[in-house]
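The values are calculated or read from the model by the stated rules, or taken from the named source; none is laboratory data. Treat the numbers as computed from the prediction; the structure is a model and nothing was measured. Positions of Cβ are generated from backbone atoms using ideal geometry, with glycine treated the same way; all protein chains shown enter the neighbour counts.
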Amino acid sequence: MAKLHLITYGCQMNEYDSERVAGLLRERQYELTDDETAADVILVNTCAIREKAEDKVFSKLGELKRLKAQRPGLVIGVMGCMAQLHQETIVRRAPQVDLVFGSPAIARVGELVERVQREGRTLVETREAPLVKITAKPASADRLKAFVTVMEGCEKHCTFCVVPRTRGRERSHPPEAIVAEVEQLVAGGCREVTLLGQTVNAYGRDLTPPTDLAELFARVNDVAGLSRIRFTTSNPYNLTPKLIAAMRDVPKVCEWFHLPLQSGSDRILERMNRGYTRAQYLDLIAALRDAEPALALSTDIIVGFPGETEADFAETVNMIERVGYDNVFVFRYSRRPGTPAAAMSDQVADEAKADRNRRLLEVVERVTGQRSARLAGRTMEVLVDGLSRRNPGELAGRTRCNRVVNFDGRGQVAVGDTVHVRVTDALPHSLRGTLATPEEAVCWSK
Ligand code: 5AD
(Lines give C-alpha, C1' and ligand atoms only; values in the text may rest on other atoms or scores of the structure.)
Protein backbone atom coordinates (compact mmCIF):
# COMPACT_ATOMS: atom_id res chain seq x y z
CA MET A 1 0.00 0.00 0.00
CA ALA A 2 1.09 3.58 -0.66
CA LYS A 3 1.57 5.83 2.34
CA LEU A 4 -0.26 9.04 3.22
CA HIS A 5 0.84 11.54 5.87
CA LEU A 6 -1.70 14.16 6.94
CA ILE A 7 -0.87 17.36 8.81
CA THR A 8 -3.90 19.20 10.15
CA TYR A 9 -4.04 22.79 11.40
CA GLY A 10 -7.04 24.75 12.59
CA CYS A 11 -10.56 23.92 13.66
CA GLN A 12 -12.61 20.80 14.29
CA MET A 13 -13.99 20.93 10.77
CA ASN A 14 -10.46 20.61 9.45
CA GLU A 15 -9.95 17.53 11.61
CA TYR A 16 -13.17 16.15 10.22
CA ASP A 17 -12.14 16.93 6.64
CA SER A 18 -8.73 15.32 7.12
CA GLU A 19 -10.38 12.09 8.18
CA ARG A 20 -12.64 12.16 5.13
CA VAL A 21 -9.57 12.60 2.94
CA ALA A 22 -7.83 9.72 4.69
CA GLY A 23 -10.96 7.62 4.14
CA LEU A 24 -11.21 8.49 0.45
CA LEU A 25 -7.55 7.75 -0.18
CA ARG A 26 -7.83 4.52 1.78
CA GLU A 27 -10.29 3.42 -0.90
CA ARG A 28 -7.42 4.03 -3.33
CA GLN A 29 -5.02 1.86 -1.36
CA TYR A 30 -3.34 4.54 0.75
CA GLU A 31 -2.66 3.83 4.39
CA LEU A 32 -1.94 6.51 6.98
CA THR A 33 1.56 6.92 8.37
CA ASP A 34 2.76 9.13 11.24
CA ASP A 35 6.22 9.22 9.68
CA GLU A 36 6.51 11.98 7.09
CA THR A 37 9.80 10.60 5.80
CA ALA A 38 8.01 7.38 4.81
CA ALA A 39 5.13 9.06 2.95
CA ASP A 40 4.38 9.00 -0.77
CA VAL A 41 1.82 11.77 -0.37
CA ILE A 42 1.79 14.51 2.29
CA LEU A 43 -1.30 16.67 2.60
CA VAL A 44 -1.30 19.80 4.74
CA ASN A 45 -4.81 20.83 5.81
CA THR A 46 -4.66 24.55 6.51
CA CYS A 47 -6.29 27.36 8.46
CA ALA A 48 -6.49 31.00 7.33
CA ILE A 49 -8.32 32.54 10.28
CA ARG A 50 -5.26 34.41 11.59
CA GLU A 51 -1.86 35.24 10.14
CA LYS A 52 -0.13 33.08 12.74
CA ALA A 53 -1.95 30.00 11.45
CA GLU A 54 -0.69 30.75 7.95
CA ASP A 55 2.88 31.33 9.15
CA LYS A 56 2.88 27.86 10.69
CA VAL A 57 1.89 26.33 7.37
CA PHE A 58 4.58 28.11 5.38
CA SER A 59 7.21 27.13 7.90
CA LYS A 60 6.05 23.49 7.66
CA LEU A 61 6.15 23.71 3.87
CA GLY A 62 9.76 24.94 4.21
CA GLU A 63 10.63 21.75 6.13
CA LEU A 64 8.88 19.61 3.56
CA LYS A 65 10.93 21.21 0.79
CA ARG A 66 14.03 19.51 2.20
CA LEU A 67 12.20 16.19 2.30
CA LYS A 68 11.14 16.59 -1.31
CA ALA A 69 14.73 17.27 -2.34
CA GLN A 70 15.59 13.81 -1.01
CA ARG A 71 12.49 12.14 -2.43
CA PRO A 72 11.54 13.73 -5.76
CA GLY A 73 8.53 11.41 -6.21
CA LEU A 74 6.88 12.76 -3.07
CA VAL A 75 3.57 14.57 -3.71
CA ILE A 76 2.96 17.59 -1.44
CA GLY A 77 -0.56 18.97 -1.31
CA VAL A 78 -2.05 21.98 0.47
CA MET A 79 -5.76 21.75 1.18
CA GLY A 80 -8.40 23.69 3.12
CA CYS A 81 -8.91 27.36 3.85
CA MET A 82 -5.49 28.75 2.88
CA ALA A 83 -5.71 26.84 -0.38
CA GLN A 84 -9.09 28.39 -1.12
CA LEU A 85 -7.95 31.88 -0.11
CA HIS A 86 -4.52 32.08 -1.70
CA GLN A 87 -4.80 29.63 -4.61
CA GLU A 88 -1.84 30.01 -7.03
CA THR A 89 0.00 32.30 -4.61
CA ILE A 90 0.80 29.25 -2.48
CA VAL A 91 2.67 27.62 -5.35
CA ARG A 92 4.47 30.86 -6.11
CA ARG A 93 5.67 31.12 -2.53
CA ALA A 94 6.27 27.39 -2.08
CA PRO A 95 7.07 25.82 -5.48
CA GLN A 96 7.64 22.44 -3.83
CA VAL A 97 3.83 22.18 -3.56
CA ASP A 98 2.32 19.94 -6.27
CA LEU A 99 -1.36 20.24 -5.44
CA VAL A 100 -3.57 22.98 -4.00
CA PHE A 101 -7.25 22.28 -3.38
CA GLY A 102 -10.03 23.93 -1.40
CA SER A 103 -12.74 22.23 0.63
CA PRO A 104 -15.20 21.97 -2.33
CA ALA A 105 -12.69 19.65 -4.05
CA ILE A 106 -12.15 17.27 -1.13
CA ALA A 107 -14.52 14.69 -2.59
CA ARG A 108 -12.19 14.47 -5.61
CA VAL A 109 -8.92 14.11 -3.71
CA GLY A 110 -8.17 10.65 -5.13
CA GLU A 111 -8.51 11.80 -8.70
CA LEU A 112 -6.47 14.97 -8.03
CA VAL A 113 -3.55 13.09 -6.47
CA GLU A 114 -3.58 10.61 -9.34
CA ARG A 115 -3.53 13.41 -11.92
CA VAL A 116 -0.55 15.06 -10.27
CA GLN A 117 1.31 11.76 -10.30
CA ARG A 118 0.35 10.97 -13.89
CA GLU A 119 0.86 14.41 -15.41
CA GLY A 120 3.78 15.47 -13.25
CA ARG A 121 2.65 19.08 -13.06
CA THR A 122 1.22 21.36 -10.41
CA LEU A 123 -2.54 21.41 -10.01
CA VAL A 124 -4.63 24.18 -8.40
CA GLU A 125 -8.28 23.27 -7.85
CA THR A 126 -10.30 25.90 -6.00
CA ARG A 127 -13.56 26.12 -7.93
CA GLU A 128 -16.94 26.16 -6.21
CA ALA A 129 -18.73 22.81 -6.12
CA PRO A 130 -21.92 21.50 -4.52
CA LEU A 131 -21.64 20.27 -0.95
CA VAL A 132 -21.38 16.48 -0.77
CA LYS A 133 -21.54 14.28 2.30
CA ILE A 134 -18.45 12.11 2.50
CA THR A 135 -18.57 9.38 5.10
CA ALA A 136 -15.38 7.53 4.17
CA LYS A 137 -13.03 7.32 7.15
CA PRO A 138 -9.86 5.55 8.21
CA ALA A 139 -10.07 2.65 10.67
CA SER A 140 -8.52 4.89 13.32
CA ALA A 141 -11.64 7.09 13.22
CA ASP A 142 -13.72 4.63 15.27
CA ARG A 143 -13.84 6.30 18.65
CA LEU A 144 -16.01 7.41 21.50
CA LYS A 145 -16.45 11.01 20.36
CA ALA A 146 -16.77 12.20 16.78
CA PHE A 147 -17.36 15.36 14.80
CA VAL A 148 -20.08 15.51 12.17
CA THR A 149 -20.22 18.44 9.75
CA VAL A 150 -23.86 19.46 9.30
CA MET A 151 -23.38 22.69 7.39
CA GLU A 152 -20.57 24.71 5.89
CA GLY A 153 -19.99 28.34 5.07
CA CYS A 154 -21.00 31.67 6.52
CA GLU A 155 -22.90 34.66 5.21
CA LYS A 156 -22.62 36.95 8.21
CA HIS A 157 -19.72 39.00 6.86
CA CYS A 158 -18.16 40.06 10.13
CA THR A 159 -15.62 42.66 9.04
CA PHE A 160 -12.64 40.83 10.59
CA CYS A 161 -13.33 37.40 9.19
CA VAL A 162 -12.06 35.56 6.16
CA VAL A 163 -14.40 32.56 6.46
CA PRO A 164 -17.02 33.71 3.91
CA ARG A 165 -14.18 33.65 1.38
CA THR A 166 -12.73 30.30 2.44
CA ARG A 167 -15.81 28.19 3.18
CA GLY A 168 -18.33 29.92 0.90
CA ARG A 169 -22.07 30.40 1.35
CA GLU A 170 -24.11 28.61 4.01
CA ARG A 171 -24.97 25.14 2.74
CA SER A 172 -26.53 22.39 4.86
CA HIS A 173 -26.46 18.63 4.58
CA PRO A 174 -29.88 16.95 4.52
CA PRO A 175 -30.96 15.59 7.93
CA GLU A 176 -31.25 12.04 6.54
CA ALA A 177 -27.56 12.07 5.55
CA ILE A 178 -26.56 13.36 8.98
CA VAL A 179 -28.64 10.79 10.85
CA ALA A 180 -27.20 8.01 8.66
CA GLU A 181 -23.68 9.18 9.46
CA VAL A 182 -24.39 9.31 13.19
CA GLU A 183 -25.86 5.79 13.05
CA GLN A 184 -22.72 4.56 11.30
CA LEU A 185 -20.53 6.23 13.93
CA VAL A 186 -22.52 4.74 16.80
CA ALA A 187 -22.19 1.31 15.21
CA GLY A 188 -18.40 1.89 15.39
CA GLY A 189 -18.51 2.68 19.13
CA CYS A 190 -19.20 6.42 19.14
CA ARG A 191 -21.26 7.77 22.07
CA GLU A 192 -20.93 11.53 21.63
CA VAL A 193 -21.22 13.64 18.48
CA THR A 194 -20.40 17.31 17.99
CA LEU A 195 -22.42 18.77 15.14
CA LEU A 196 -20.23 21.22 13.24
CA GLY A 197 -20.87 24.30 11.17
CA GLN A 198 -19.33 27.77 10.95
CA THR A 199 -22.78 29.11 11.88
CA VAL A 200 -24.33 25.85 12.99
CA ASN A 201 -27.47 27.51 14.32
CA ALA A 202 -28.27 28.71 10.77
CA TYR A 203 -28.56 25.01 9.85
CA GLY A 204 -31.24 23.98 7.38
CA ARG A 205 -32.48 27.35 6.12
CA ASP A 206 -31.15 26.60 2.65
CA LEU A 207 -32.72 23.13 2.35
CA THR A 208 -35.96 22.26 0.59
CA PRO A 209 -38.11 21.96 2.59
CA PRO A 210 -36.31 24.22 5.08
CA THR A 211 -35.53 22.83 8.50
CA ASP A 212 -33.51 23.98 11.52
CA LEU A 213 -31.10 22.85 14.19
CA ALA A 214 -33.86 22.21 16.74
CA GLU A 215 -35.45 19.68 14.39
CA LEU A 216 -32.08 18.11 13.67
CA PHE A 217 -31.46 17.70 17.42
CA ALA A 218 -34.70 15.75 17.72
CA ARG A 219 -33.73 13.41 14.89
CA VAL A 220 -30.18 12.82 16.11
CA ASN A 221 -31.51 12.32 19.64
CA ASP A 222 -33.46 9.33 18.34
CA VAL A 223 -30.32 7.45 17.30
CA ALA A 224 -30.21 4.52 19.71
CA GLY A 225 -26.89 4.02 21.50
CA LEU A 226 -25.83 7.67 21.26
CA SER A 227 -25.42 9.36 24.67
CA ARG A 228 -24.57 12.98 23.98
CA ILE A 229 -24.99 15.74 21.40
CA ARG A 230 -22.89 18.91 21.27
CA PHE A 231 -22.80 21.56 18.56
CA THR A 232 -20.53 24.39 17.53
CA THR A 233 -20.20 27.20 16.58
CA SER A 234 -23.21 29.44 16.98
CA ASN A 235 -23.87 33.04 16.09
CA PRO A 236 -26.01 35.15 18.44
CA TYR A 237 -27.79 36.47 15.38
CA ASN A 238 -29.59 33.18 14.64
CA LEU A 239 -30.25 32.14 18.21
CA THR A 240 -34.01 31.62 18.25
CA PRO A 241 -36.36 30.86 21.18
CA LYS A 242 -37.11 27.56 19.42
CA LEU A 243 -33.45 26.55 19.54
CA ILE A 244 -33.14 27.58 23.20
CA ALA A 245 -36.19 25.45 24.02
CA ALA A 246 -34.68 22.50 22.14
CA MET A 247 -31.43 22.85 24.10
CA ARG A 248 -33.54 22.51 27.25
CA ASP A 249 -35.88 19.76 26.05
CA VAL A 250 -33.87 17.38 23.88
CA PRO A 251 -32.37 14.99 26.44
CA LYS A 252 -29.05 14.17 24.73
CA VAL A 253 -28.14 17.79 24.03
CA CYS A 254 -25.52 18.69 26.63
CA GLU A 255 -25.53 21.73 28.93
CA TRP A 256 -22.63 23.33 27.13
CA PHE A 257 -22.84 26.20 24.69
CA HIS A 258 -20.24 28.18 22.75
CA LEU A 259 -21.52 31.65 21.87
CA PRO A 260 -18.86 34.01 20.49
CA LEU A 261 -19.19 37.54 21.84
CA GLN A 262 -16.05 38.98 20.12
CA SER A 263 -16.29 42.32 21.97
CA GLY A 264 -18.20 43.83 24.87
CA SER A 265 -18.29 47.30 23.32
CA ASP A 266 -21.31 48.31 21.23
CA ARG A 267 -19.15 50.60 19.16
CA ILE A 268 -16.75 47.77 18.27
CA LEU A 269 -19.56 45.26 17.75
CA GLU A 270 -21.04 47.62 15.21
CA ARG A 271 -17.70 48.06 13.43
CA MET A 272 -17.36 44.27 13.42
CA ASN A 273 -20.84 44.02 11.81
CA ARG A 274 -21.88 41.45 14.41
CA GLY A 275 -25.58 42.35 14.23
CA TYR A 276 -26.23 42.61 18.00
CA THR A 277 -25.56 44.92 20.93
CA ARG A 278 -24.23 43.94 24.34
CA ALA A 279 -27.74 44.38 25.78
CA GLN A 280 -29.16 41.98 23.20
CA TYR A 281 -26.40 39.48 23.92
CA LEU A 282 -27.12 39.72 27.66
CA ASP A 283 -30.83 39.12 26.96
CA LEU A 284 -29.88 35.93 25.12
CA ILE A 285 -27.74 34.80 28.05
CA ALA A 286 -30.63 35.46 30.41
CA ALA A 287 -33.00 33.43 28.20
CA LEU A 288 -30.49 30.58 27.98
CA ARG A 289 -29.92 30.47 31.75
CA ASP A 290 -33.62 30.73 32.38
CA ALA A 291 -34.16 27.67 30.18
CA GLU A 292 -31.15 25.77 31.50
CA PRO A 293 -29.66 27.02 34.78
CA ALA A 294 -26.81 24.49 34.66
CA LEU A 295 -25.65 25.67 31.23
CA ALA A 296 -21.88 26.08 30.81
CA LEU A 297 -21.00 28.94 28.50
CA SER A 298 -17.89 29.57 26.48
CA THR A 299 -16.99 32.36 24.09
CA ASP A 300 -14.47 33.88 21.68
CA ILE A 301 -13.05 37.37 22.15
CA ILE A 302 -10.92 39.42 19.80
CA VAL A 303 -8.69 42.04 21.41
CA GLY A 304 -7.19 44.94 19.47
CA PHE A 305 -9.79 45.17 16.73
CA PRO A 306 -9.19 48.41 14.74
CA GLY A 307 -10.27 51.45 16.75
CA GLU A 308 -10.55 49.54 20.06
CA THR A 309 -9.76 51.95 22.89
CA GLU A 310 -9.03 51.21 26.53
CA ALA A 311 -12.65 52.13 27.26
CA ASP A 312 -13.89 49.55 24.71
CA PHE A 313 -11.57 46.96 26.20
CA ALA A 314 -12.93 47.72 29.68
CA GLU A 315 -16.42 46.94 28.36
CA THR A 316 -15.19 43.54 27.19
CA VAL A 317 -13.67 42.84 30.61
CA ASN A 318 -16.97 43.84 32.15
CA MET A 319 -18.94 41.44 29.94
CA ILE A 320 -16.68 38.50 30.81
CA GLU A 321 -17.28 39.20 34.50
CA ARG A 322 -20.98 39.78 34.07
CA VAL A 323 -21.72 36.68 32.01
CA GLY A 324 -19.38 34.46 34.05
CA TYR A 325 -18.12 32.21 31.29
CA ASP A 326 -16.81 28.70 31.92
CA ASN A 327 -14.25 29.08 29.17
CA VAL A 328 -13.00 31.97 27.01
CA PHE A 329 -10.80 31.86 23.93
CA VAL A 330 -8.93 35.14 23.48
CA PHE A 331 -7.44 36.14 20.13
CA ARG A 332 -5.39 39.15 19.08
CA TYR A 333 -6.91 40.78 16.05
CA SER A 334 -5.13 39.70 12.86
CA ARG A 335 -5.47 41.62 9.59
CA ARG A 336 -6.91 39.27 6.98
CA PRO A 337 -6.56 40.02 3.27
CA GLY A 338 -9.70 41.25 1.57
CA THR A 339 -11.68 41.86 4.77
CA PRO A 340 -13.14 45.33 5.49
CA ALA A 341 -11.39 45.61 8.88
CA ALA A 342 -7.98 45.11 7.27
CA ALA A 343 -8.52 48.40 5.43
CA MET A 344 -9.59 50.36 8.51
CA SER A 345 -7.16 53.17 9.22
CA ASP A 346 -7.04 52.95 13.02
CA GLN A 347 -5.21 49.66 13.50
CA VAL A 348 -4.14 48.94 17.08
CA ALA A 349 -0.41 48.59 17.81
CA ASP A 350 0.91 45.06 18.44
CA GLU A 351 2.12 45.99 21.94
CA ALA A 352 -1.37 47.17 22.93
CA LYS A 353 -2.89 43.95 21.58
CA ALA A 354 -0.38 41.85 23.50
CA ASP A 355 -1.01 43.84 26.67
CA ARG A 356 -4.82 43.52 26.43
CA ASN A 357 -4.47 39.85 25.61
CA ARG A 358 -2.43 39.30 28.79
CA ARG A 359 -4.76 41.36 30.97
CA LEU A 360 -7.84 39.64 29.60
CA LEU A 361 -6.37 36.21 30.24
CA GLU A 362 -5.93 37.15 33.90
CA VAL A 363 -9.61 38.08 34.10
CA VAL A 364 -10.57 34.87 32.32
CA GLU A 365 -8.50 32.77 34.72
CA ARG A 366 -10.27 34.33 37.70
CA VAL A 367 -13.80 34.12 36.24
CA THR A 368 -13.52 30.57 34.91
CA GLY A 369 -11.86 29.45 38.16
CA GLN A 370 -14.88 30.76 40.08
CA ARG A 371 -17.22 28.89 37.75
CA SER A 372 -15.27 25.69 38.26
CA ALA A 373 -15.27 26.13 42.05
CA ARG A 374 -19.09 26.07 42.05
CA LEU A 375 -19.01 22.44 40.97
CA ALA A 376 -17.35 21.18 44.18
CA GLY A 377 -19.57 18.72 46.03
CA ARG A 378 -21.87 18.09 43.06
CA THR A 379 -22.55 14.69 41.58
CA MET A 380 -22.23 14.80 37.82
CA GLU A 381 -22.69 12.50 34.85
CA VAL A 382 -19.33 11.59 33.29
CA LEU A 383 -18.63 9.87 29.98
CA VAL A 384 -15.45 7.86 30.59
CA ASP A 385 -12.79 8.68 27.95
CA GLY A 386 -9.72 6.77 29.05
CA LEU A 387 -6.90 6.98 31.53
CA SER A 388 -6.14 10.21 33.34
CA ARG A 389 -3.25 12.11 31.74
CA ARG A 390 -1.78 13.15 35.07
CA ASN A 391 -2.18 9.86 36.85
CA PRO A 392 -2.54 6.72 34.75
CA GLY A 393 -3.82 4.98 37.88
CA GLU A 394 -7.03 6.98 37.46
CA LEU A 395 -9.71 7.30 34.83
CA ALA A 396 -10.73 10.50 33.05
CA GLY A 397 -13.90 11.65 31.43
CA ARG A 398 -16.00 14.71 30.75
CA THR A 399 -19.14 16.06 32.31
CA ARG A 400 -22.05 17.10 30.13
CA CYS A 401 -20.87 20.68 30.75
CA ASN A 402 -17.56 19.66 29.16
CA ARG A 403 -15.30 19.70 32.21
CA VAL A 404 -12.52 17.13 32.53
CA VAL A 405 -12.96 14.90 35.59
CA ASN A 406 -10.29 12.57 36.95
CA PHE A 407 -11.43 9.85 39.33
CA ASP A 408 -10.46 6.49 40.73
CA GLY A 409 -12.71 3.93 39.14
CA ARG A 410 -10.39 1.23 37.86
CA GLY A 411 -11.85 -2.20 37.76
CA GLN A 412 -15.33 -0.80 38.27
CA VAL A 413 -16.03 1.06 35.03
CA ALA A 414 -14.87 0.86 31.42
CA VAL A 415 -14.09 3.41 28.73
CA GLY A 416 -17.35 4.42 27.06
CA ASP A 417 -19.42 3.96 30.23
CA THR A 418 -21.53 6.79 31.57
CA VAL A 419 -21.09 7.01 35.33
CA HIS A 420 -21.81 9.42 38.15
CA VAL A 421 -18.92 11.06 39.93
CA ARG A 422 -19.04 13.20 43.05
CA VAL A 423 -16.69 16.15 42.68
CA THR A 424 -14.30 16.37 45.63
CA ASP A 425 -11.89 19.01 44.22
CA ALA A 426 -12.77 21.69 41.71
CA LEU A 427 -9.45 22.86 40.29
CA PRO A 428 -9.37 25.71 37.75
CA HIS A 429 -8.84 23.43 34.74
CA SER A 430 -10.12 20.05 35.84
CA LEU A 431 -12.21 18.33 38.48
CA ARG A 432 -11.33 15.43 40.75
CA GLY A 433 -13.88 13.10 42.19
CA THR A 434 -14.96 9.71 43.38
CA LEU A 435 -17.50 7.33 41.94
CA ALA A 436 -20.89 8.20 43.36
CA THR A 437 -22.88 5.75 45.39
CA PRO A 438 -26.16 4.60 43.75
CA GLU A 439 -28.14 6.88 46.13
CA GLU A 440 -26.10 9.91 45.12
CA ALA A 441 -26.56 9.03 41.47
CA VAL A 442 -30.34 8.85 41.91
CA CYS A 443 -30.41 12.40 43.30
CA TRP A 444 -28.81 13.65 40.15
CA SER A 445 -30.97 15.03 37.39
CA LYS A 446 -30.11 16.54 34.02
N1 5AD B 1 -8.27 38.02 14.00
C2 5AD B 1 -8.34 37.45 15.22
N3 5AD B 1 -9.25 36.53 15.55
C4 5AD B 1 -10.15 36.18 14.61
N5 5AD B 1 -11.17 35.32 14.64
C6 5AD B 1 -11.77 35.31 13.44
N7 5AD B 1 -11.16 36.17 12.61
C8 5AD B 1 -10.14 36.74 13.32
C9 5AD B 1 -9.15 37.71 13.03
N10 5AD B 1 -9.09 38.29 11.83
C11 5AD B 1 -11.55 34.58 15.86
C12 5AD B 1 -12.99 34.89 16.27
C13 5AD B 1 -13.71 33.62 15.91
C14 5AD B 1 -12.63 32.58 16.14
C15 5AD B 1 -12.87 31.27 15.49
O16 5AD B 1 -11.47 33.20 15.62
O17 5AD B 1 -13.02 35.12 17.66
O18 5AD B 1 -14.86 33.39 16.71
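E365 meets the conditions (1) within 23 Å of the chain's Cα centre (by Cα); (2) within 16 Å of the ligand (Cβ to nearest atom); (3) among the acidic types (D, E) in every case but one. The failed one is (2). The conditions of being within 16 Å of the ligand (Cβ to nearest atom), free of Cβ contacts under 8 Å to residues at least 60 places away in the same chain, touching a helix residue (DSSP H, G or I) at 6+ places or on another chain (Cβ under 6 Å) and among the hydrophobic types (A, V, I, L, M, F, W, C) are not met by I229.
With respect to the conditions (1) over 30 Å from G397 (Cα atoms); (2) among the hydroxyl-bearing types (S, T, Y); (3) in a helix (DSSP H, G or I), S140 falls short on a single one, namely (1). Scanning region 348-358 for residues that are away from the ligand (no atom under 11 Å from the Cβ) and under 22 Å from C47 (Cβ atoms) yields a total of 2. Taken together, N318, N273, N238 contain a single residue that is at pLDDT below 95 and either more than 18 Å from R332 (Cβ to Cβ) or surrounded by fewer than 21 Cβ atoms within 10 Å (Cβ to Cβ) (or both), which is N238. When we screen Y333, Y325 for residues that are of a type in the set (S, T, Y) and under 22 Å from T194 (Cβ atoms), the only hit is Y325. Candidates G80, G62, G73: the one that is surrounded by 24 or more Cβ atoms within 10 Å (Cβ to Cβ) and either modelled with pLDDT of 95 or more or not aliphatic (A, V, I, L, M) (or both) is G80.
The residues on offer are T368, T424, T339, and the sole one that is within 30 Å of T166 (Cα to Cα) and β-branched (V, I, T) is T339. If you go through region 285-318 and keep only what is away from the ligand (no atom under 16 Å from the Cβ) and in contact with a Pro (Cβ under 8 Å, 6 or more places away or on another chain), you end up with just A287. Against the numbered list (1) of a type outside the set (G, A, S); (2) in contact with a Leu (Cβ under 8 Å, 6 or more places away or on another chain); (3) within 16 Å of the ligand (Cβ to nearest atom), R322 comes up short only at (3). For region 32-59, filtered to residues that are within 19 Å of D142 (Cβ to Cβ) and without any contact (Cβ under 8 Å) to a residue 40 or more places away in the chain, the residue that is surrounded by the fewest Cβ atoms within 10 Å (Cβ to Cβ) is D34. The single condition among (1) under 18 Å from S103 (Cβ atoms); (2) within 16 Å of the ligand (Cβ to nearest atom); (3) not hydroxyl-bearing (S, T, Y) that E51 does not meet is (1). Would you say L216 is away from the ligand (no atom under 16 Å from the Cβ), assigned to a strand (DSSP E or B) and not acidic (D, E)? When the stated conditions are applied, L216 does not pass them. Residues that are among the charged types (D, E, K, R) number at least 2 in the following helices (runs of 4 or more DSSP H) confined to region 1-107: 12-26, 51-70, 88-93. Suppose the filter is more than 10 Å from the ligand (Cβ to nearest atom) and either at positive phi or part of a helix (DSSP H, G or I) (or both); does A342 pass it? So A342 does not fit the description; no.
When R228, R289, R267, R219 are checked against the criterion of being of a type outside the set (A, V, I, L, M) and buried (at least 19 other Cβ atoms within 10 Å of the Cβ), R228 stands alone in meeting it.
A279 falls short on exactly one of the conditions (1) part of a helix (DSSP H, G or I); (2) buried (at least 19 other Cβ atoms within 10 Å of the Cβ), and that condition is (2). Please work out which residue is nearest to the ligand (Cβ to nearest atom), limiting yourself to region 159-195 and to residues that are outside any helix (DSSP H, G or I) and of a type in the set (S, T, Y). In this case the residue turns out to be T159.
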